[in-house]
Amino acid sequence: MAEFSTRNIIYDYDGTFEGFLCCAFESFTLREIPANILNQKDFQPGLFEHFNIITDIEKANLVKKSIQKKMNAETLVFLEDALLTSLKHKEMFMLDFMRIGYKTGRKIINMLADDTVIILTKAVKQMTHEAHKFTGFTRFSVHGNLLIAKIKPKNFVLQRIVPHFAARMPNEKFIIYDETHNMICAYAKGKYVISDISDIKIPEAEAKEYHYRNLWEMFYDTTAIEERKNPKHRIILMPKRYWSNMTEF
């Protein structure tokens with residue numbers, strides 16, 4: 001098998017998993033390792049040549065099938081999760097992971113002595129842990145016939161938490177706004193879309209909503225047992241960075 005050569009070129013793509021797989025397709029086809037792979041919204045012209053990778057579903061599907069065949073389906077899910085992390089240069093780690101995986105096969109996912117594998121594994125665990133936290137710490141407000149929630153995650157957790165709320169509230173219409181990454185998810189009638197958003201103004205909640213918030217705060221305070229209050233323990237279980245968008249604080 002021909003070796004890869006490094007090249008001072010930057011791949012930019014649309015930020016989707018299929019787009020990343022098309023970057024991998026080009027890298028493996030050309031046998032080259034780019035200097036970086038960047039989401040188009042983060043790309044800024046620099047000294048290096050850049051290569052705009054167009055998302056091609058057929059190419060992406062070919063790469064998906066090859067990952068499932070050479071590695072396994074679990075590895076494909078792992079790579080999807082890796083793209084949702086906030087890890088710096090995650091696409092380059094993912095590309096390196098794939099190069100190793102095509103050589104080693106299905107055992108790649110457990111090769112925790114390898115630096116690339118352990119870095120990606122740690123990032124995916126952090127993303128998964130944060131997504132789990134937001135299934136409990138996300139608070140919706142009533143705006144007419146619409147529920148709206150704001151979150152400030154470190155990772156791109158929308159894709160992982162929306163199925164949870166869609167299952168719990170299948171007949172509601174709701175929006176979750178990711179303030180960190182300026183992304184929004186809109187759900188209605190069993191379907192949802194996630195997209196970037198450049199400008200959004202969340203409307204003020206109705207008076208009825210503030211009434212319920214006050215009731216909730218009152219319930220939260222009155223059910224607390226003074227002698228059992230343990231602020232340090234509460235911060236461990238419910239880190240302060242979640243508090244700004246929670247009704248009870």
On a C-alpha basis, how far is the centre of region 150-227 from the centre of region 88-108 in Å? Whole number, if you could? 35 Å
Accessible surface, 1.4 Å probe, highest first, among residues S27, S244: S244, S27
Do any trypsin sites (Lys or Arg not before Pro) in region 64-170 lie in a loop, going by DSSP, with at most 10 other beta-carbon atoms within 10 Å of their beta carbon, and if so which? K88
Three semi-axes of the equivalent ellipsoid, the chain, Cα gyration tensor, whole Å, largest first: 40, 21, 16
Enter the accessible area per residue of the chain (Å², integer; probe 1.4 Å; all protein chains in place). 60 Å²
Would you mind telling me which residue in I54, I67, I225 has the biggest mean-square fluctuation in a Gaussian network model of the chain, where springs connect alpha carbons within a distance under 10 angstrom? I225
How about region 197-249: which trypsin sites (Lys or Arg not before Pro) there lie in a loop by DSSP and see at most 12 other Cβ atoms within 10 Å? K201, K229
Give me the net charge for the shell around R160: Cβ to Cβ below 15 angstrom, other residues only, Lys and Arg +1, Asp and Glu -1. 0
Quote to one decimal, in nm, the extra length available between K125 and T6 on full extension: 0.36 nm per residue of separation minus the C-alpha distance between them. 39.9 nm
Out of the total accessible area of the chain (probe 1.4 Å, heavy atoms of protein only), what percent is carbon and sulfur? 55 percent
Extend 7 Å from the Cα of E209 along its Cα-to-C-beta direction; within region 127-165, residues with backbone N under 14 Å of that point are 139-151
Cα gyration tensor of region 152-214, axes a ≥ b ≥ c as square roots of the eigenvalues: rounded (a/c below 1.5), prolate (a/b > b/c) or oblate? oblate
As I understand it, the value is the acute angle between the Cα axis of helix 90-104 and the longest principal axis of the Cα atoms of the chain; what does it come to in degrees, rounded to 10? 50 degrees
On a 0 to 90° scale, report how tilted helix 73-83 is relative to the longest principal axis of the chain, with both axes built from alpha carbons and the result rounded to the nearest 10. 70 degrees
Mind listing which chymotrypsin sites (Phe, Trp or Tyr not before Pro) in region 1-58 are in a DSSP loop and have 16 or fewer other Cβ atoms within 10 Å? F4, F43, F48
per DSSP, antiparallel bridges as share of beta bridges in the chain, % nearest 5, sits at 50 percent
Taking the Cα atoms only, what angle lies between the long axis of helix 207-222 and the longest principal axis of the chain, rounded to 10 degrees? 80 degrees
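The values are calculated or read from the model by the stated rules, or taken from the named source; none is laboratory data. Predicted model, so just to flag it, every value in this text is computed and none were measured. Don't worry about glycine lacking a Cβ; one is built from the backbone with ideal geometry, like all the others, and counts go over all protein chains shown. Side chains included, ligands, DNA and RNA excluded: accessible areas come from the protein's heavy atoms. Shrake-Rupley method; radii C 1.70, N 1.55, O 1.52, S 1.80 Å.
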